[in-house]
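Engineer: One structure follows; several queries about it will come next.
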Amino acid sequence: MIEINLLNAPSKLGTTAWLITGEKLPDKSALGLDKHEYEILVKQRDLKRNICCIFSKEKVQHFVFLTLVKEGYKNFEAARKAGASLSFEIKKSGLSELTLTTNNGDSSILLSFAEGLSLAQYSFQKYKKEKDGGSIKKLFLSHSKLNKLEVQHLNTIVEATWISRDLVNEPVIFLTAEKLAEAARDLGKKSGFETEILNKAKIKALKMGGILGVNAGSKLPPTFSTLTYKPKGAKNIKPIILVGKGVVYDTGGLSLKPTPNSMDSMKSDMAGAAAVIGTLYALSKNKLPLFVIGLIPATDNRPGEDAITPGDVITIHDGTTIEVLNTDAEGRLILADALSYAKKFDPELVIDLATLTGSAVRAIGTLASALMGTATKSVKEELIESGYETYERLIEFPLWDEYGDQIKSDIADLKNVGGANAGAITAGKFLQHFTTYPWIHLDIAGPSFLNSQDSYRPKNGTGVGVRLLYNFLSKRVKNK
Ligand code: BES
Ligand code: ZN
Ligand code: ZN
C-alpha cells in the first residue's frame, strides 16, 4: 500500500511533481528551476505536452499540465487521470517517494491528483514470483489549505479501493464463501466494525432458501455475514444497510454459461460484496459518525449433482416461492434472502450492489452502473451526484409496474427470469418484491471488472462502489 502524508516542512525529499493548471506558470524560483530549465518547461508547455520531466539539481522534477474547464467534477476527473499518467511514467523509474504540489489554490484538485496517482499504482501481485507492481511507497502532499485529516481520509479511501480490487481479483480456489466472510472479519478487526458470520446450519434455520438453492450444487458451504459499524455519536438512529452480492464464482449452475469467455471473469461475481466490505473498512477506519450495516450473502454457483434444476421451486426467507427457470439468474435469489432479512433492522435506507445482469452491461457498458429503486428522488439525486464527483457514474433505469408482469409465474409467486428484453430492469423488479423500506439497487456488472485498463481503473477488478458510497455517506454526515 501507499502511505499518503501531509508535508508541512519544506521538502528535503528529492523528487517533486507539480500539477500546473491554467495559463500562468509559477515563477522559476517557486518551481526551483534555473533559467535554462525554466525555458525548457515553457517550451514543453507550448508544445502542448501533458507531462514534462526536468533533471534539475541532481533530481528529476515532474510537471503535469492540466487545462481546466467550467464543470468542477470534470476537472477532478482530469486531475485523477493526470495523476495516473504520471504514475505510469514513474513506474518505469522505480521511484519510491514523491512529493506532489500544485499552483492551483483549490486543494481538492491536488487530492484528486494524488488519488489518481495512487489508484493507478495498484496491481495484483499475490501470485507472481517476480513482483512488478507500482513502486511508490510514500506520497507527500504540499498545499497551504490541506489538513492532515483530509489527507488521511484520502489514504484510507485508496486503501479500501485496493482491498476491494484484491478481493475481486482473488480466484475462487482461494476465495470461497467462507474465506470471503473471514476476510470481512479480519478487515473489521483492523478498522473497527463487527462481523457476525452465519454458517450453513444457521442459514437453514433462517430458511434462506435462495442462498441454499444456489449453493445446492456446490461442495463448499455458503455464508451470510453481517458487518456492523455503530459508532458512538452516530448521526442516524436507524441504520443504513449496504447489501453486496457475494457469488464467489458463477458457472451459471446447470444453466451453465457457455465457454470460452462468458465464464472467464466470473470470479468477479462478488464485486458487490467487495464494495460493501471496502466501504465499511473506509467508514470505520475514518471514524465517520454513521450507523451502517453490511449484509453479505455468499456462495459459489455450480452444477454439482445436487444442484437446483431449471423448473425447481424454492422458498425465500420471507416465504415467497420462486420458480427457478434459469439457474444462472442466481444473484437475485441470494439477494432476495438478504433484502428480506434486512427488514428486521428497520433501516433508514438500503442500497444493494450486485454484478447482476449482462443486460446492464449491454445497455451502458463499463462507464456506468444502473441505478433503480424506491428511495426518494433526493436520495437518488445525491447518489447520482456522488457518481459524478467520483466518476463512478450512475444512470437511472425505471421500475414501472408493467415490467413486473414479466416475472409472474404460473406455479409460484415469482419466476427468476423475465423475457428477452430489459433484463436489468426485470432483475430489479424481482428484488423490489422483497423490500418494504426506501431502497436503491445498483447493477455494477459493467464497471466492476474491465478487460482492459482505463487510466487509474486497472484491468480486472476496479473496486467500483467504494469511492461512490463513501462520498455519498460522508455527504450525509454533513447534511445531518
Ligand atoms: N453474474 C451474472 C451477470 C454478469 C454478466 C455479471 C456479465 C458481469 C458480467 C449473472 O448471475 C447472470 O448470469 N445473469 C444472467 C441473467 C439471465 C440468465 C436472466 C444474464 O445477465 O445473462
Ligand atoms: Zn449467473
Ligand atoms: Zn452472477
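Engineer: Leaving ligands, DNA and RNA out of it, report the carbon-plus-sulfur percent of the accessible area of region 191-300 at a 1.4 Å probe. Please list the in-between numbers first.
Structural biologist: Details: 2200 of 3870 Å².
About 57 percent, which is the carbon plus sulfur part of the accessible surface.
Engineer: Rounded, prolate or oblate: which fits region 129-206, taking a ≥ b ≥ c as square roots of the Cα gyration tensor eigenvalues, rounded meaning a/c under 1.5, else prolate when a/b beats b/c?
Structural biologist: Numbers: a/c = 4.33, a/b = 1.73, b/c = 2.51.
Judged from the Cα gyration tensor, region 129-206 comes out oblate (a/c at least 1.5, b/c at or above a/b).
Engineer: For region 133-139, take each phi angle, set θ = phi - 60°, evaluate the Karplus expression 6.51 cos²θ - 1.76 cosθ + 1.60, and give the result in whole Hz per residue in order, putting x for glycine and proline.
Structural biologist: Per-residue couplings from phi come out as x, x, 9, 5, 9, 9, 10 Hz.
Engineer: Here is a follow-up. Under a straight-distance cross-link criterion of Cα-Cα below 17 Å, which lysines are reachable from Lys48, leaving out those fewer than 8 residues away in the same chain?
Structural biologist: Cross-link targets: Lys24, Lys81.
Engineer: Here's a follow-up. Enumerate the whole-percent occupancy of each 20 Å bin, from 0 to the last occupied one, for all C-alpha pair distances of the chain.
Structural biologist: Histogram of Cα-Cα distances, whole percents per bin: 25, 52, 21, 3, 0.
Engineer: Over 24 Å between Cα atoms, which of Lys238/Lys377; Lys285/Lys429; Lys189/Lys480; Lys380/Lys478 qualify? Spell out each step's value before the answer.
Structural biologist: Values: Lys238/Lys377 20 Å; Lys285/Lys429 35 Å; Lys189/Lys480 28 Å; Lys380/Lys478 17 Å.
Over 24 Å Cα-Cα: Lys285/Lys429; Lys189/Lys480.
Engineer: Hand me the trypsin sites (Lys or Arg not before Pro) from region 106-150 located in a DSSP loop with no more than 11 other Cβ atoms within 10 Å, in residue order please.
Structural biologist: Numbers: sites: Lys126, Lys128, Lys129, Lys131, Lys137, Lys138, Lys145, Lys148; in loops: Lys126, Lys128, Lys129, Lys131, Lys137, Lys145.
Sites meeting the loop and neighbour criteria: Lys126, Lys128, Lys129, Lys131, Lys145.
Engineer: Taking the Cα atoms only, what angle lies between the long axis of helix 377-390 and the longest principal axis of the chain, rounded to 10 degrees?
Structural biologist: That works out to roughly 40 degrees.
Engineer: Could I ask something else about it? Before I look further, what does the chain give for accessible area per residue, probe 1.4 Å, in whole square angstrom? Can you show the working numbers first?
Structural biologist: Values: 20390 Å² over 480 residues.
Dividing the accessible area of the chain by its residue count gives 42 Å².
Engineer: Let me ask something else. Treating the angle as unsigned and between 0 and 90°, give the value, to the nearest 10°, between the Cα long axis of helix 331-341 and the longest Cα principal axis of the chain.
Structural biologist: The answer is roughly 80 degrees.
Engineer: If I take every Cα pair under 8 Å that is 6 or more residues apart in the chain, average their sequence separation and divide by the length, what percent do I get for the relative contact order? Let's see the in-between values first.
Structural biologist: Working: 1079 pairs, mean separation 74.4, N = 480.
For the chain, the relative contact order is 16 percent.
Engineer: Roll a 1.4 angstrom probe over the protein heavy atoms and tell me the percent of accessible area of region 332-459 that is carbon or sulfur.
Structural biologist: On the way: 2470 of 5050 Å².
The value for region 332-459 is 49 percent carbon and sulfur by accessible area.
Engineer: Right, here's the next one. Whats the longest run of the chain with zero chymotrypsin sites (Phe, Trp or Tyr not before Pro) that are DSSP loop and have at most 16 other Cβ atoms within 10 Å?
Structural biologist: Numbers: sites that count: Tyr127, Phe174, Trp400.
It runs 175-399.
Engineer: Suppose each label sits 7 Å from its Cα in the direction of the beta carbon; what would the Asn421-Ala201 distance come out to in nanometres?
Structural biologist: 5.1 nm
Engineer: Let me ask another. Calculate, for Thr259 and Ser135, the FRET efficiency according to 1/(1 + (r/R0)^6) with r their C-beta to C-beta distance and R0 35 Å; round to the nearest 0.05. Can you show the working numbers first?
Structural biologist: Values: r = 37 Å, r/R0 = 1.06.
According to the calculation, E is roughly 0.40.
Engineer: Show the residues, 5+ positions off or on another chain, whose built amide H is closer than 5 Å to the amide H of Asn103.
Structural biologist: Excluding prolines and chain starts, which carry no amide H, the hits are Leu19, Thr21.
Engineer: OK, next. Step through the residues of region 233-238 one at a time and calculate ³J(HN,Hα) from phi using the Karplus curve (6.51 cos²θ - 1.76 cosθ + 1.60, θ = phi - 60°), rounding each to whole Hz and writing x for Gly and Pro.
Structural biologist: Karplus values, whole Hz, x for Gly and Pro: x, 4, 7, 10, 8, 7.
Engineer: How large is the dipole of region 354-480 about the Cα centre if only Lys and Arg carry +1 and Asp and Glu carry -1, each at its Cβ, rounded to the nearest 20 debye?
Structural biologist: Working: 14 positive and 13 negative charges, 97 e Å.
The dipole of region 354-480 has a size of about 460 debye.
Engineer: Now for a separate question. Classify region 124-262: rounded, prolate or oblate, from the alpha-carbon gyration tensor (a ≥ b ≥ c, eigenvalue square roots; a/c under 1.5 rounded; otherwise prolate if a/b is larger than b/c)?
Structural biologist: Values: a/c = 2.67, a/b = 1.37, b/c = 1.94.
Since a/c reaches 1.5 but b/c is at least a/b, the shape of region 124-262 is classed as oblate.
Engineer: Report relative contact order for region 283-356 in percent, whole number only (criteria: Cα-Cα under 8 Å, sequence separation at least 6). Don't jump to the answer; show the numbers that get you there.
Structural biologist: Numbers: 47 pairs, mean separation 19.4, N = 74.
Reported relative contact order: 26 percent.
Engineer: Taking amide H positions as placed 1.01 Å from N in the peptide plane, with prolines and chain starts having none, which residues 5 or more places from Lys235, or on another chain, fall under 5 Å of its amide H?
Structural biologist: Long-range HN contacts for Lys235: Leu290, Phe291.
Engineer: Where a ≥ b ≥ c are the square roots of the eigenvalues of the C-alpha gyration tensor, would you call region 141-184 rounded, which needs a/c under 1.5, or, failing that, prolate if a/b is larger than b/c, or oblate?
Structural biologist: Numbers: a/c = 7.63, a/b = 3.48, b/c = 2.19.
It is prolate, given that a/c is not under 1.5 and a/b is the larger ratio.
Engineer: Another question about this same structure. Using θ = phi - 60° and the Karplus form 6.51 cos²θ - 1.76 cosθ + 1.60, what ³J(HN,Hα) does each residue of region 88-99 get, whole Hz, x for Gly and Pro?
Structural biologist: Coupling constants for region 88-99: 5, 4, 6, 3, 5, 8, x, 4, 10, 9, 8, 9 Hz.
Engineer: Next question. With angles folded into 0 to 90 degrees, how steeply does helix 148-169 sit against the dominant principal axis of the chain? Use alpha carbons for both and round to 10.
Structural biologist: 50 degrees
Engineer: While we're here: Lys/Arg Cβ at +1, Asp/Glu Cβ at -1, dipole of the chain taken about the Cα centre: which of Ala307, Leu119, Leu146 is farthest positive-ward?
Structural biologist: So the residue we want is Leu146.
Engineer: Additional query: What pairs from Lys145/Lys245; Lys204/Lys408; Lys43/Lys137; Lys230/Lys475 go past 28 Å between their alpha carbons? Could you put the intermediate results ahead of the total?
Structural biologist: Working: Lys145/Lys245 40 Å; Lys204/Lys408 26 Å; Lys43/Lys137 32 Å; Lys230/Lys475 18 Å.
Result: Lys145/Lys245; Lys43/Lys137 exceed 28 Å.
Engineer: Here is a follow-up. Given a 1.4 Å probe and every protein chain left where it sits, what share in percent of the accessible area of region 82-142 is carbon and sulfur?
Structural biologist: On the way: 1210 of 2440 Å².
With neighbouring chains kept in place, the figure for region 82-142 is 49 percent.
Engineer: Return the long-range amide H neighbours of Val350 (sequence gap of 5 or more, or a different chain), with a cut-off of under 5 Å between placed amide H atoms.
Structural biologist: Ile241, Trp439, Ile440
The values are calculated or read from the model by the stated rules, or taken from the named source; none is laboratory data. Just so we're clear, the structure is a prediction, and the values are computed from it rather than from any experiment. No Cβ is skipped: glycine too gets one built from the backbone with ideal geometry, and neighbour counts run over all protein chains shown. Heavy atoms of the whole protein, side chains included, go into the accessibility calculation; ligands, DNA and RNA do not. Shrake-Rupley method; radii C 1.70, N 1.55, O 1.52, S 1.80 Å.
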